[in-house]
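Input: a single structure, listed below in structure tokens.
The values are calculated or read from the model by the stated rules, or taken from the named source; none is laboratory data. Small disclaimer: the values here were computed from a predicted structure and weren't measured. Only protein heavy atoms, including side chains, enter the accessible area calculation; ligands, DNA and RNA are left aside. Shrake-Rupley method; radii C 1.70, N 1.55, O 1.52, S 1.80 Å.
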Amino acid sequence: MIDSLLRKLRKGGLDRKSSNDREEGIFSLASAYITLETKLGLTSTNRCGICIKNVNGTYFSDTVSEVQEFLKISSNEFQTEYVVVNDKYGYLWIMLKGMSVEDILVASNGIADVIIDRGFKDQMLAAAFEFRKVVTPSSNLDRTQLEPQFLIFNYKRGKFYPFVPLGAQEKRRNDYELTLMSIISKEVPWEADMNVWYPMWEMPFDKLRI
């Protein structure tokens with residue numbers, strides 16, 4: 001399993017003829033992020049967090065260990081950074097930082113491959129991809145515009161939705177979220193039902209270096 005994932009990384013990994021909807025959905029971000037930068041001035045931080053529902057038991061622990069083995073090998077070879085975090089709500093987070101969007105897309109897909117192959121498909125909840133405004137000397141941005149913005153991939157539904165939190169207030173910028181959706185809705189699979197645009201507060205991005 002790990003050898004095949006590393007071969008995919010070495011080849012670039014972004015096969016547009018993906019074998020399943022999950023891969024096709026995740027990899028659609030490889031082109032959509034360029035649209036976000038061009039039209040909205042948003043740039044990817046090349047960081048993402050994968051949220052997994054924890055399971056008690058040795059088999060799940062062994063699966064997480066296999067994921068960490070894959071990440072350890074790939075981080076040395078492809079200059080990626082990762083950290084595994086258990087949050088206060090009991091969820092497992094695998095936080096990734098790469099040199100490019102492509103790095104984190106392939107690594108996140110590799111993580112999902114391992115977990116799903118081991119029979120824990122239902123434990124895969126979401127992947128959160130972080131973006132920030134591009135700041136130039138002529139930028140005239142207020143504090144709220146400098147906050148991170150996220151695209152969330154819901155593994156169970158195979159679709160993206162936007163999440164733009166307003167600082168630490170557990171409020172969100174619905175206007176920004178709708179703008180994000182409208183800009184790239186034709187490039188990625190979008191969640192049309194806004195009732196399942198679930199907020200993801202306190203994501204542990206602070207565990208990664210900027």
Skip the ligands, DNA and RNA, and give the accessible area per residue of segment 51-210 with a 1.4 Å probe, whole Å². 51
Where the centre of each part is set by its Cα atoms, how far does segment 20-40 sit from segment 72-115, in angstrom? 18
Quick check on segment 153-210: what are the equivalent-ellipsoid semi-axes from the Cα gyration tensor, as sqrt(5λ), descending, whole Å? 21, 14, 12
So who's got an amide H within less than 5 Å of the one on residue 172, skipping anything under 5 residues away but keeping other chains? H placed 1.01 Å off N, in plane. 166
